[in-house]
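Student: Here's a structure for you.
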Amino acid sequence: MAPRSFQTVDDLVPTLRGKRVLVRVDFNVPQDDTGAVTDATRIEAALPTILKLINAGGRVVLMSHLGRPKGKPDPKFSLKPIAEKLHVLLGRPIRFIPTTVGAEAEKAVSELRDGEVALLENVRYTEQEEANDPDFAAQLAKLGDVYVNDAFGSAHRAHASTEGVARLLPSAAGDLMRKELDYLGQAVTDPARPFVAILGGSKISGKIDVIQHLLDKVDVMLIGGAMMFTFLKAEGLDVGKSLVEDDKIELAREILHRVRDSGKRLILPVDTVVAREIKPHAANETVQVNQIPADQMGLDIGPRTIDLFRDEILRAKTVIWNGPMGVFETEPFDAGTVAIARALVEATDGGATTIVGGGDSAAAVAQAGLEDRVSHVSTGGGASLEFLEGKTLPGVAALSR
């Protein structure tokens, strides 16, 4: 494990009794039309840090964004329903503060007792948050004696609550942030080998930097999702009406040449499930990738590819997966993605470290009910991608002092 350049919440715990602990969490969760939380995964992921701070006698002040209220108050994006859900999950009162900064917030925080918890209103209710405005960061800093960032999903954004305030208070990473960085950091810096990366999703353009960065680090790269058709077309195959990024064909060809010259292995699907339309239970067939009908499109990897990918996954000691293998939201084009999720579970049971890189991949694993059966499911879609691209995350860099 590479040495950390930042403090963790465990470093702060002995000194927290009676102190105000300002905590950036990621409570950007889905809700129904009534505001009720429909998926509390991100809230639940923050509970270990919150409970640790409560038990240490800290006076916990939570802050988060929710949705995109465009820099002004909007009841649709209020965190009040989130406070109610947190109350249920923690089994203790949560003081909701209907503002973020200023006299009202400062007074409410001053009234907290040791071990009590408050949640500020949506930090994106002001344009100053996303602008990383120094004055707004300073006002937030008035609400805490120390700062903890446990919002990995927002760590790639240099905002006032993620980057600005961290430079104004003694700062540390929460348990979730530490776990994310430990798993992802270990995977890209010192992985147990063989190291396999599985990349999917719709477009190469969204994963170019990940592919380029990981190619030097992995032993095997497996490509699925719609992006596979740009690679297949780069190899001279006719892919029918499958999604292709014509402006990325040459890039795909360069990547394939680079892999061949490097001695690494990049494995493309050998068969695909095709249909004329994307709709539940649409008429479909499985064909070899060199036999895709001109009037159909590939919408999932086929059974031979599933077996091929599964064999590579089960040989691996470290696996990172980012991006579904097909249109997993629509049956029957979810079969490849579910099969890969199950292969990751098999690999985990066999002792491999398996990491699901947030976003659609995390949603797919959850949809299959397997999120607790792999080593780690990242809570940060964009943050995970940027980390895997080798980029510095502002919210993490601000903790490293």
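Student: Please determine whether any residue of the stretch 47-58 is under 19 Å from residue 146 (Cβ atoms), open to solvent by 70 Å² or more (accessible area, probe 1.4 Å) and over 24 Å from the mean Cα position of the chain (by Cα).
Tutor: Scanning the stretch 47-58, I find at least one residue that is under 19 Å from residue 146 (Cβ atoms), open to solvent by 70 Å² or more (accessible area, probe 1.4 Å) and over 24 Å from the mean Cα position of the chain (by Cα), so the answer is yes.
Student: Count, please, the residues in the stretch 361-383 that happen to be at pLDDT below 85, surrounded by 21 or more Cβ atoms within 10 Å (Cβ to Cβ) and of a type outside the set (A, V, I, L, M).
Tutor: So the count comes out to 3.
Student: Here is a further query. So, of the residues in the stretch 254-277 that are among the basic types (Lys, Arg) and open to solvent by 80 Å² or more (accessible area, probe 1.4 Å), which turns out to be farthest from residue 300 (Cα to Cα)? Reasoning before the result, please.
Tutor: Let us first name the residues in the stretch 254-277 that are among the basic types (Lys, Arg), namely 258, 260, 264-265, 276.
Next, from what is left, pick out any that are open to solvent by 80 Å² or more (accessible area, probe 1.4 Å): 260, 265, 276.
On the way: 260: 25, 265: 21, 276: 13 Å.
Only one residue fits best here, namely 260.
Student: Of the numbered conditions (1) part of a loop (DSSP other than H, G, I, E, B); (2) within 13 Å of residue 49 (Cβ to Cβ), residue 157 fails exactly one; give the number of that condition.
Tutor: (2)
Student: Using the structure shown, decide if residue 342 is open to solvent by 40 Å² or more (accessible area, probe 1.4 Å), basic (Lys, Arg) and touching a helix residue (DSSP H, G or I) at 6+ places or on another chain (Cβ under 6 Å). Walk me through how you get there before you give the answer.
Tutor: Details: open to solvent by 40 Å² or more (accessible area, probe 1.4 Å): yes; basic (Lys, Arg): yes; touching a helix residue (DSSP H, G or I) at 6+ places or on another chain (Cβ under 6 Å): no.
So residue 342 does not fit the description; no.
Residue-by-condition table, conditions (1) farther than 21 Å from residue 210 by Cβ; (2) in contact with a helix residue (DSSP H, G or I) (Cβ under 6 Å, 6 or more places away or on another chain):
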{"residue": "154", "(1), (2)": "no, yes"}
{"residue": "158", "(1), (2)": "no, yes"}
{"residue": "166", "(1), (2)": "yes, no"}
{"residue": "173", "(1), (2)": "yes, no"}
{"residue": "180", "(1), (2)": "no, yes"}
{"residue": "189", "(1), (2)": "no, no"}
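Student: Of the residues in the stretch 55-70, how many are touching a strand residue (DSSP E or B) at 6+ places or on another chain (Cβ under 6 Å) and assigned to a helix (DSSP H, G or I)?
Tutor: Taking the stretch 55-70 as the starting set, the residues that turn out to be touching a strand residue (DSSP E or B) at 6+ places or on another chain (Cβ under 6 Å) are 58-63.
Remaining after also requiring assigned to a helix (DSSP H, G or I): none.
Here the count works out to 0.
Student: Which one of the conditions (1) assigned to a helix (DSSP H, G or I); (2) surrounded by fewer than 24 Cβ atoms within 10 Å (Cβ to Cβ) does residue 129 fail to meet, given that it meets all the rest?
Tutor: Tallying (1) assigned to a helix (DSSP H, G or I); (2) surrounded by fewer than 24 Cβ atoms within 10 Å (Cβ to Cβ), residue 129 fails exactly one: (2).
Student: List, please: which pairs have Cβ atoms under 8 Å, are six or more places apart or on different chains, and start with a residue in the stretch 385-401 that is among the β-branched types (Val, Ile, Thr) and end with one that is at pLDDT below 90?
Tutor: Within 8 Å, the pairs are 396/6.
Student: With 150, 175 as the choices, which residue is open to solvent by 10 Å² or more (accessible area, probe 1.4 Å) and out of contact with any Phe, Trp or Tyr (no Cβ under 7 Å at 6 or more places or on another chain)? It would help to see each step written out before you state the result.
Tutor: Numbers: 150 fails: open to solvent by 10 Å² or more (accessible area, probe 1.4 Å).
Just a single option satisfies the conditions, and that option is 175.
Student: Tally time: how many residues in the stretch 190-209 are in contact (Cβ under 8 Å) with a residue 60 or more places away in the chain and buried (at least 24 other Cβ atoms within 10 Å of the Cβ)?
Tutor: Of the residues in that region, 5 qualify.
Student: Among the residues in the stretch 177-189, are any part of a loop (DSSP other than H, G, I, E, B) and touching a residue at least 40 places away in the same chain (Cβ under 8 Å)? Before you say what the answer is, go through the steps one by one.
Tutor: Start the filter on the stretch 177-189 by keeping residues that are part of a loop (DSSP other than H, G, I, E, B), which leaves none.
Within the stretch 177-189, not a single residue is part of a loop (DSSP other than H, G, I, E, B) and touching a residue at least 40 places away in the same chain (Cβ under 8 Å).
Student: Run residue 217 past the list (1) part of a loop (DSSP other than H, G, I, E, B); (2) modelled with pLDDT of 95 or more and report the number of the one that doesn't hold.
Tutor: (2)
Student: May I ask you to verify whether residue 280 is in contact (Cβ under 8 Å) with a residue 24 or more places away in the chain, part of a loop (DSSP other than H, G, I, E, B) and surrounded by fewer than 16 Cβ atoms within 10 Å (Cβ to Cβ)? Don't jump to the end; show me each part of the working.
Tutor: On the way: in contact (Cβ under 8 Å) with a residue 24 or more places away in the chain: yes; part of a loop (DSSP other than H, G, I, E, B): yes; surrounded by fewer than 16 Cβ atoms within 10 Å (Cβ to Cβ): yes.
In short, yes.
Student: Right, here's the next one. Could you look through the stretch 308-328, keep only residues that are buried (at least 20 other Cβ atoms within 10 Å of the Cβ) and not in a loop (DSSP other than H, G, I, E, B), and pick out the one that is nearest to the chain's Cα centre (by Cα)? Full working, then the answer.
Tutor: Taking the stretch 308-328 first, the residues buried (at least 20 other Cβ atoms within 10 Å of the Cβ) are 309, 312-313, 316, 318-328.
Narrowing the set further to residues that are not in a loop (DSSP other than H, G, I, E, B) leaves 309, 312-313, 318-322.
Numbers: 309: 23, 312: 24, 313: 21, 318: 18, 319: 16, 320: 12, 321: 11, 322: 9 Å.
Looking at residues that are buried (at least 20 other Cβ atoms within 10 Å of the Cβ) and not in a loop (DSSP other than H, G, I, E, B), I get 322.
Student: Just wondering, is there one or more residues in the stretch 235-242 that are within 21 Å of residue 316 (Cβ to Cβ) and at pLDDT 95 or above?
Tutor: We begin by selecting, within the stretch 235-242, every residue within 21 Å of residue 316 (Cβ to Cβ); these are none.
No; the residues of the stretch 235-242 include none that is within 21 Å of residue 316 (Cβ to Cβ) and at pLDDT 95 or above.
Student: Sort through 348, 392, 337, 305 and tell me the only one that's open to solvent by 30 Å² or more (accessible area, probe 1.4 Å), among the polar types (S, T, N, Q) and in a helix (DSSP H, G or I).
Tutor: Values: 392 fails: in a helix (DSSP H, G or I); 337 fails: open to solvent by 30 Å² or more (accessible area, probe 1.4 Å); 305 fails: open to solvent by 30 Å² or more (accessible area, probe 1.4 Å).
Testing whether each residue is open to solvent by 30 Å² or more (accessible area, probe 1.4 Å), among the polar types (S, T, N, Q) and in a helix (DSSP H, G or I) leaves just 348.
The values are calculated or read from the model by the stated rules, or taken from the named source; none is laboratory data. Note that this is a predicted model, so its numbers are computed, not measured. Note that each Cβ is placed from the backbone with ideal geometry, even for glycine, and that neighbours are counted across all protein chains shown. Just so you know, the surface numbers come from the protein's heavy atoms only, side chains and all, with ligands and any DNA or RNA stripped out. Shrake-Rupley method; radii C 1.70, N 1.55, O 1.52, S 1.80 Å.
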